[in-house]
Amino acid sequence: MMRTYSLTRRLIVTVLLIELVSALCVTAVAFLYERHAHFRAFDILLRGRADSLLGAVQDAEDANDNVMLDGTEVMLPSSDIYEVKDASGRLLGRSSNWTGADGQLHQQKFERDGREREASGSDHSLFYETTVNGKTYRAIRIEGLRIVDPGDKGGGIRRYVTVYYGSSTNRVWKAVFRSVSFYAISSLIVLAVTGLLMAWLLNRGLAPLRALAHGAAQVSVVSWYFSPPESARQSKELAPLVIAMEDLLSGLKQAFERQRRFAGDAAHELKTSVAVVKSSLQLLQMKRRTAEEYEAGLERCLNDCERMEQIVAQMLTLARVEEGKGGQPAEWHADVLQCIHEVVGQLSTTAQGSGISVLIHGENGIHATINPELLKLLCLNLLMNALQHSPQGTGISVQVLRLEDKVEVQISDQGDGIAPEVLPYIFERFSRSDPSRSRKTGGTGLGLAICKGIVDQCRGTIEVVSQLNTGTLVTVRIPLADEDRKKALQQ
């Protein structure tokens, strides 16, 4: 058994996955942005504190005119680390929580970087990260100038100072993750709300489709009632489907009704013939009869058997035509006038016996895209109908015309005509203008159904115009053969 799945669930899961990926992307972008913004602000803070530390470097008031770090003016967080040295490498001051071992290594590195920056004319400050006592610090190195005794001759003595200042990045990362957590939690909340909202909206939006599916599921062979909901009919997306389903079910209903009617009519025709044969045999069996009476009874039985055989043969022909047997359309090629002459030749004896003349008019060499045998069967059925319903001494006219891309065959008679109320149903199986199904009128009601099947198979058309006591005109149009169509276009 094939597993089923829910379109609603698939749509919700798909959209939620897309939103989840989007939320992850937004969170990643937010993380990069917040990290950049917080560390930029942190670097500004470090620079400010390093500048304050540089400002606390004062004249040492000694004989060598050195500088010193005035600890009374240094008001910095106790968790930060710093170190101040002069140009000779003499330590001016250091935070109590920094041994200076790591700083000496960085100092060598930064002195090289500083020379490179000085050569290029860039700022002498540099940010870096270091680890002190197992903690990660972000530090800055700045170089400053302090002037001792600026009032002396020459503007005083210049003393260069290098400041190393660092602060723990833990609180920065906490701020970054706090901001990113806000984005992540907000995204998850939006994701959950969106999922619930989508489930409600999809269930509501797909309600017409579910109602349409429920209505279609009620249709069966015994019940053709189909009532689509108005919501589905008013929907632009579902309206074409509703129309297509209604047309399909209407066609299927008609096909099933025709099939049932065909089975009933076939059973009636065969039952009548069997009953006649049985009754004839029973009459012969009731008493001893002469040889002539036996011959007459057997002849009646033979005629009824031939009628049954004719019905069965026409039913098989109709089934073969409707199945499309007879070759592919590209292979069909028939000389229309030649086929008509052959059919008229076959019916000449019948026509002469009824005193009916058949006149043929048309241009030679017109070829149609149809199987020649099917064309002969088509003309045979149409001419047989005309002969059976034409009074003695009248005539039947057959005319062949070439249209733009079709061949038109017109068969007209001066017979009894067809009643207007019967005319729409003449192409149905076992449809006859004589509702009593009298055998005197001839035929089984399958001839026009076979004609309709042949014409449909070769993509043609057939029309019947008739008036009571005046006559009937049958017009058949069949596509021209490829060669004739090309010649017509060249002309």
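The values are calculated or read from the model by the stated rules, or taken from the named source; none is laboratory data. All of these numbers come straight from a predicted model, not from anything done at the bench. Here Cβ is always computed from backbone atoms with ideal geometry, including for glycine, and neighbour counts include all displayed protein chains.
Please list, ordered by first then second residue, the pairs with beta carbon atoms under 7 Å, 6 or more apart or interchain, first in the range 6-17 and of a type outside the set (Phe, Trp, Tyr), second outside any helix (DSSP H, G or I).
THR8/LEU206
Within the group ILE142, ILE147, ILE185, which residue is assigned to a helix (DSSP H, G or I) and either polar (S, T, N, Q) or closer than 30 Å to ASP43 by Cβ (or both)?
Testing whether each residue is assigned to a helix (DSSP H, G or I) and either polar (S, T, N, Q) or closer than 30 Å to ASP43 by Cβ (or both) leaves just ILE185.
Kindly provide the set of residues from the range 32-58 that are more than 21 Å from TYR165 (Cα to Cα) and surrounded by 16 or more Cβ atoms within 10 Å (Cβ to Cβ), ordered by number.
Narrowing the range 32-58 to residues more than 21 Å from TYR165 (Cα to Cα): 32-34.
The one that is more than 21 Å from TYR165 (Cα to Cα) and surrounded by 16 or more Cβ atoms within 10 Å (Cβ to Cβ): GLU34.
Tell me, yes or no, whether the range 23-31 has at least one residue that is surrounded by fewer than 16 Cβ atoms within 10 Å (Cβ to Cβ) and under 30 Å from LEU69 (Cα atoms).
Among the residues of the range 23-31, not one is surrounded by fewer than 16 Cβ atoms within 10 Å (Cβ to Cβ) and under 30 Å from LEU69 (Cα atoms), which makes the answer no.
For THR8, are the conditions met, namely being within 33 Å of the chain's Cα centre (by Cα) and surrounded by 10 or more Cβ atoms within 10 Å (Cβ to Cβ)?
Values: within 33 Å of the chain's Cα centre (by Cα): yes; surrounded by 10 or more Cβ atoms within 10 Å (Cβ to Cβ): yes.
Yes; evaluated as a whole, the condition is true for this residue.
Taking ASN203 and the conditions (1) polar (S, T, N, Q); (2) in the same structural domain as ALA60 (by TED's automatic domain parsing); (3) under 27 Å from the mean Cα position of the chain (by Cα), which numbered condition does it fall short on, given that it satisfies the others?
All conditions pass for ASN203, except number (2).
What pairs come out if I take residues in the range 25-52 that are touching a residue at least 60 places away in the same chain (Cβ under 8 Å) and pair them with residues that are crowded, with 17+ Cβ neighbours inside 10 Å and among the charged types (D, E, K, R) whose C-beta lies under 8 Å away, six or more apart or interchain?
Hits for this filter: PHE39/ARG138; PHE42/ARG138; ASP43/ARG138; LEU46/ARG138; ARG49/ASP80.
Residues are listed down the side, and each one gets a yes or a no for (1) within 30 Å of ILE426 (Cα to Cα); (2) among the aromatic types (Phe, Trp, Tyr); (3) at pLDDT below 80:
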| residue | (1), (2), (3) |
| --- | --- |
| ALA266 | yes, no, yes |
| LEU270 | yes, no, yes |
| ALA275 | yes, no, yes |
| LYS278 | no, no, no |
| LEU284 | no, no, yes |
| ARG289 | no, no, no |
| GLU292 | no, no, no |
| GLU299 | no, no, no |
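Filter the range 396-415 down to the residues that are assigned to a loop (DSSP other than H, G, I, E, B) and surrounded by fewer than 19 Cβ atoms within 10 Å (Cβ to Cβ) and list them by number.
Here is the first cut: in the range 396-415, the ones assigned to a loop (DSSP other than H, G, I, E, B) are 403-405, 414-415.
Those that are assigned to a loop (DSSP other than H, G, I, E, B) and surrounded by fewer than 19 Cβ atoms within 10 Å (Cβ to Cβ): LEU403, GLU404, ASP405.
Condition first: closer than 29 Å to PRO391 by Cα and in contact with a Cys (Cβ under 9 Å, 6 or more places away or on another chain). Now tell me which residues in the range 464-485 satisfy that. Steps first, please.
Of the residues in the range 464-485, the ones closer than 29 Å to PRO391 by Cα are 464-477.
Correct list: VAL474, VAL476.
Against the definition (in contact (Cβ under 8 Å) with a residue 24 or more places away in the chain and part of a loop (DSSP other than H, G, I, E, B)), how does VAL221 come out, yes or no?
Details: in contact (Cβ under 8 Å) with a residue 24 or more places away in the chain: yes; part of a loop (DSSP other than H, G, I, E, B): yes.
When the stated conditions are applied, VAL221 passes them.
Restricting to the range 170-226, and then to whatever is polar (S, T, N, Q) and modelled with pLDDT of 85 or more, can you tell me which residue is farthest from ASP80 (Cα to Cα)? Working first, answer last.
Here is the first cut: in the range 170-226, the ones polar (S, T, N, Q) are 170, 179, 181, 186-187, 194, 203, 218, 220, 223.
From the residues that got through so far, the ones that are modelled with pLDDT of 85 or more too are 170, 179, 181, 186-187, 194.
Values: ASN170: 12, SER179: 24, SER181: 27, SER186: 35, SER187: 36, THR194: 46 Å.
Checked the range 170-226; the qualifying residue farthest from ASP80 (Cα to Cα) is THR194.
Of everything in the range 228-237, what is in a loop (DSSP other than H, G, I, E, B) and out of contact with any Gly (no Cβ under 6 Å at 6 or more places or on another chain)? Give them in sequence order. Please lay out each step first, then the result.
First, pick out the residues of the range 228-237 that are in a loop (DSSP other than H, G, I, E, B): 228-229, 235-237.
Those that are in a loop (DSSP other than H, G, I, E, B) and out of contact with any Gly (no Cβ under 6 Å at 6 or more places or on another chain): PRO229, SER235, LYS236, GLU237.
Pick from LYS236, LYS253: which is farther than 30 Å from ALA30 by Cβ and either exposed (fewer than 10 other Cβ atoms within 10 Å of the Cβ) or assigned by TED's automatic domain parsing to the domain that holds ALA449 (or both)? So that I can check it myself, show each step before the final result.
Details: LYS253 fails: either exposed (fewer than 10 other Cβ atoms within 10 Å of the Cβ) or assigned by TED's automatic domain parsing to the domain that holds ALA449 (or both).
Selected residue: LYS236, the only one of LYS236, LYS253 that is farther than 30 Å from ALA30 by Cβ and either exposed (fewer than 10 other Cβ atoms within 10 Å of the Cβ) or assigned by TED's automatic domain parsing to the domain that holds ALA449 (or both).
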